[in-house]
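The values are calculated or read from the model by the stated rules, or taken from the named source; none is laboratory data. Remember, it's a predicted structure, so these values are computed and weren't measured experimentally. Virtual Cβ from ideal backbone geometry, glycine too; neighbours counted across all protein chains shown. Keep in mind that these areas ignore ligands, DNA and RNA; they rest on the heavy atoms of the full protein, side chains included. Shrake-Rupley method; radii C 1.70, N 1.55, O 1.52, S 1.80 Å.
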Amino acid sequence: MIADGAEDEEKWLAAGIAGLQQNAFYMHRALDSNNLRDALKYSAQMLSELRTSKLSPHKYYELCESLDQRSGVIVFEIEIVRPFFVIDFWKSKRNCGIDIDCDLWFLYVGSDMRAFDELRKLEMFFKEEARRGCSVIDLYELVQHAGNILPRLYLLCTVGSVYIKSKEAPAKDVLKDLVEMCRGIQHPVRGLFLRSYLSQVSRDKLPDIGSEYEGDADTVVDAVEFVLQNFTEMNKLWVRMQHQVGVVVLVNQFILLADPELRVAIGLSGLQGPAREKEKREKERSELRDLVGKNLHVLSQIEGVDLEMYKDTVLPRVLEQVVNCKDEIAQFYLMDCIIQVFPDEYHLQTLDALLGACPQLQPSVDIKTVLSQLMERLSNYAASSSEVLPEFLQVEAFSKLSNAIGKVIEAQVEMPTVGVVTLYSSLLKFTLHVHPDRLDYADQVLGACVKKLSGKGKIEDNKATKQIVALLSAPLEKYNDIVTALKLSNYPRVMEYLDNETNKVMATVIIQSIMKNKTHVSTADKVEALFELIKGLIKDLDGTPDDELDEDDFNEEQNSVSRLIQMLCNDDPEEMFKIICTVRKHILTGGPKRLVFTVPPLVFSSLKGDKRLPSFFLSFFPTATATATATPTPPAGSAPLSLSLFYMYLVRQLQGQDENPFGDDTATTPKKIFQLLNQTIEALSSIPAPELALRLYLQCAEAANDCELEPVAYEFFTQAYILYEEEISDSKAQVTAIHLIIGTLQRMHVFGVENRDTLTHKATGYSAKLLKKPDQCRAVYACAHLFWVDDQETMKDGERVLICLKRALRIANAAQQMSNATRGSTGSVTLFVEILNKYLYFFEKGNPQITVASVQSLIELITTEMQSDSTTPDPATDACFASTLRYIQFQKQKGGVVGEKYEPIKA
């Protein structure tokens, strides 16, 4: 049946187009022969085709458009119609952010305007008749004899246009007569088109200020009254479409579909018909909405409509119609039109009336969009010039908007959460643009939002949470300063309503804002507030299982926290200490998985590029004296405090002490500090992260070395060795660890002979026990540096250096033999070349145990091995050996004391 209805509609459309084209042809022929009577006859018959009730609005448009196709005039007076109704109006709405389907606009409105091109041609004929002496009054009376009311009124509007232009009667009288007589058409679609045509033909003939039709009897008040009356009647017709059953399909089909039994019989559900028809009617109404809205556009273009008239006459009449129609589609669209077509300054001065209508709208009206667009326009108006800002203060715009939003939310008790948050988000953006210096206003908006959200718990609606993120992001975008946002007491209260995932998103937004604007947070209180905001990234919130965390996302989150920590600083030592304590308190709640990300940046945040500690830290490490009461100054002749010292300081902070370390108790003594360090590293080693713990032990040992505290340094090395033996089992990790131990031990000057021998012996033993022979060789020859320190005469033992190097040679030789046994070749001589370079280093440094003969024999050994057929060729090793020989030749040519040493060597 539905398919049959569509086919029938196509047939009726085809029949109507045929009738239109036939009568239009005869009308044109009558016009060409100046036959007035026949012209009126055929034009009335042509317009009678528009009386049909069988077509949907879409097909009705096609019927109207056929008139234009028949006439061969594709565009009707484009210089007048299209700029006025399409370009200007469409541009004004597009610029204001309203989404308008351009194709629909041109199809529906444009085709409607072109549909009346035939009548415009008839109007031109009437003008010619008037110039030839025909009375316009007689024409006005003559067309009223048309048999049917619809053609009669179309012709009457056409002649009425000529009548006004002739000025034989006051314009207001003709306009009033026309707008009243159009009430004769009460069919919604036909009535809308008729009144749209009336608005079209009269728009340039209104008695506006400066218009040729203005006079003693014709004033701008008459023009406004005419447009308002036409608007009112058109809106009534438009609203009536929603309640007129059967407006778009056959009546008998509606009767069929309304019967439940028949509906089941043809395979339709009980709810499918009404819901589908309602949706279809709403769509058709939306397509016709601009026919109504253009009346408001005409009103906004009338020069005589000043602020006073708008406030006293225009706006009250329009709002009365909006509120009384009680139709959600009409109310939303018309409120939107009011906001978009009238000037911003008018809205500002009439906020009371405009906002007062909002709570009276239907609960289903999307009021959040209407108010958001109003506040956006007012915000842009405030940004256009600083001179208008006093107007906002004068009318108390913020207070009125805030109260209106509260009343709207109270009136619409079922307003979804997303609507509530969107309103307050728009209000906050308005506040930040208009009153950027009033943080109390911004905080008031956030507080009002919290009040409306109270009792709702965590917001789970995705759209609502996105709006909360937008709400919280607004202060960051406006001030580009998280410190300013932290002054808003209700800011963290709003964040409490975010679910865990969105909380992380918002925390990331905050950190990105800080990084983008390079904001430095410089007080412990602000750091505390900041870390409360980003706690979703710092620790696992309630209900967040670890197995749901994506590793890449987690790493990126923690990296962002790491970048944030770099932005926390203060030149005041005590305040900086408080900041670090605050950060430490928070990051320790994140669990072991996060510490590997958050601990290092906490260290470097205080270095600030020069690798020196805050000055107050010097007091922790007085120069070693017998009484331990010397003035707290760095060791005599020492360089600026090392990075290792600060690592020690960091671990000290991670201990988790609540008392003030700067008090009068013994906590500030070096001994107490290092005790806390030891305890902290023991906790860190249980993460497990043995490599990190070992590094921290070594850093603390080096810091104790700078403080001349031998027992403490020895204890830290002991703990590092224990950790190496018991926790680090991976061969690669062992290689890295042993080289760290050797490097740190080399820089230690605090140890006595006994302690140093013990530690170096252990290090050498660890080196010789590495899994792979090449790793053993490299670690052992590195140990040679433990016995020869350039700037310490007491630590130059050439004999033990030679022992290490010879031991390394034996290991390298064993590695070759193993390679020959397993692969059939001795492999590369890389290790021998590396050992040769160590020989040359100590030879050049003046180690008496490294002789010319030993260097020469090693060079010959390498040369022989490289020429052997069993040796695997290695271009990199060959290049390294050649470079070493060139270095020897260079030193010879250089001369001097070093040159004399190298002279006997044959290379």
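Only one of the numbered conditions (1) touching a residue at least 24 places away in the same chain (Cβ under 8 Å); (2) more than 59 Å from the chain's Cα centre (by Cα) is not met by PHE751, and that is (2). Applying a threshold of 8 Å to beta carbon distances and a minimum spacing of six or more residues, or different chains, the list of pairs starting in region 828-840 at a residue that is within 13 Å of ARG778 (Cβ to Cβ) and ending at one that is in a loop (DSSP other than H, G, I, E, B) reads THR830/ASP874. Checked against the criteria, ASN847 counts as surrounded by 13 or more Cβ atoms within 10 Å (Cβ to Cβ) and in a loop (DSSP other than H, G, I, E, B). Look at (1) crowded, with 22+ Cβ neighbours inside 10 Å; (2) small (Gly, Ala, Ser); (3) out of contact with any helix residue (DSSP H, G or I) (no Cβ under 8 Å at 6 or more places or on another chain) and you find that ALA18 fails only one, number (1).
If the requirement is being hydrophobic (A, V, I, L, M, F, W, C), over 21 Å from LEU296 (Cα atoms) and at pLDDT below 90, which of these qualifies: VAL162, VAL189? On inspection, the qualifying residue turns out to be VAL162. Got a sec? Which of THR508, THR484 is within 22 Å of PHE554 (Cα to Cα), hydroxyl-bearing (Ser, Thr, Tyr) and not in a loop (DSSP other than H, G, I, E, B)? Matching residue, one of THR508, THR484: THR508. Residues in region 474-495 that are within 15 Å of the chain's Cα centre (by Cα) and either buried (at least 19 other Cβ atoms within 10 Å of the Cβ) or at pLDDT 95 or above (or both): ALA474, PRO475, LEU476. May I ask you to verify whether LEU334 is in a helix (DSSP H, G or I), of a type in the set (A, V, I, L, M) and either in contact with an Asp or Glu (Cβ under 8 Å, 6 or more places away or on another chain) or open to solvent by 10 Å² or more (accessible area, probe 1.4 Å) (or both)? Here the answer is no, as LEU334 does not meet what is asked.
Only one of LEU530, LEU541, LEU537 is open to solvent by less than 40 Å² (accessible area, probe 1.4 Å), assigned to a loop (DSSP other than H, G, I, E, B), closer than 24 Å to GLN467 by Cα and not β-branched (Val, Ile, Thr). Can you tell me which? Only one candidate passes the filter, namely LEU541.
Condition check ((1) modelled with pLDDT under 95; (2) open to solvent by less than 20 Å² (accessible area, probe 1.4 Å); (3) closer than 14 Å to LEU371 by Cα; (4) in contact with a His (Cβ under 8 Å, 6 or more places away or on another chain)) across all residues:
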{"position": "GLU391", "(1), (2), (3), (4)": "yes, no, no, no"}
{"position": "LYS407", "(1), (2), (3), (4)": "yes, no, yes, no"}
{"position": "VAL413", "(1), (2), (3), (4)": "yes, no, no, no"}
{"position": "PRO416", "(1), (2), (3), (4)": "yes, no, no, no"}
{"position": "GLY419", "(1), (2), (3), (4)": "yes, yes, yes, no"}
{"position": "LEU427", "(1), (2), (3), (4)": "no, yes, yes, no"}
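Within region 197-218, the set of residues being at pLDDT 90 or above and among the polar types (S, T, N, Q) comprises SER199, SER202.
Checking the structure you have, find out if any residue of region 785-796 is closer than 27 Å to VAL753 by Cβ, in a helix (DSSP H, G or I), aliphatic (A, V, I, L, M) and under 60 Å from the mean Cα position of the chain (by Cα). Yes, the conditions are met somewhere in region 785-796. Of all residues in region 817-841, which are at pLDDT below 85 and surrounded by 18 or more Cβ atoms within 10 Å (Cβ to Cβ)? Within region 817-841, SER819, THR826, GLY827, SER828 meet the criteria.
Residues in region 705-740 that are more than 16 Å from LEU692 (Cβ to Cβ), of a type in the set (D, E, K, R), in contact with a helix residue (DSSP H, G or I) (Cβ under 9 Å, 6 or more places away or on another chain) and surrounded by fewer than 20 Cβ atoms within 10 Å (Cβ to Cβ): 3 in all. State whether the residues of region 860-874 include one that is open to solvent by less than 70 Å² (accessible area, probe 1.4 Å), closer than 30 Å to ASP757 by Cα and in contact (Cβ under 8 Å) with a residue 40 or more places away in the chain. Within region 860-874 (the criterion being open to solvent by less than 70 Å² (accessible area, probe 1.4 Å), closer than 30 Å to ASP757 by Cα and in contact (Cβ under 8 Å) with a residue 40 or more places away in the chain), the answer is no, since none of the residues qualifies. Applying the condition of being among the small types (Gly, Ala, Ser) and assigned to a helix (DSSP H, G or I) to region 136-182 and asking which residue is farthest from the chain's Cα centre (by Cα) yields SER166. Each residue in region 152-192 was checked for being open to solvent by 60 Å² or more (accessible area, probe 1.4 Å) and under 24 Å from SER53 (Cβ atoms), and 4 of them qualify.
Each residue in region 302-321 was checked for being free of Cβ contacts under 8 Å to residues at least 40 places away in the same chain and either open to solvent by less than 40 Å² (accessible area, probe 1.4 Å) or within 39 Å of the chain's Cα centre (by Cα) (or both), and 2 pass. Of everything in region 741-783 that is of a type in the set (D, E, K, R) and in contact with a Leu (Cβ under 9 Å, 6 or more places away or on another chain), the residue that is least open to solvent (accessible area, probe 1.4 Å) is ARG756. LEU348 - would you say it is open to solvent by less than 10 Å² (accessible area, probe 1.4 Å) and on the phi < 0 side of the Ramachandran plot? For LEU348, the condition - open to solvent by less than 10 Å² (accessible area, probe 1.4 Å) and on the phi < 0 side of the Ramachandran plot - is met. Within region 797-815, being in contact (Cβ under 8 Å) with a residue 24 or more places away in the chain and surrounded by 13 or more Cβ atoms within 10 Å (Cβ to Cβ) holds for GLY798, VAL801, LEU802, CYS804, LEU805, ARG807, ALA808, LEU809, ILE811, ALA812, ALA814, ALA815.
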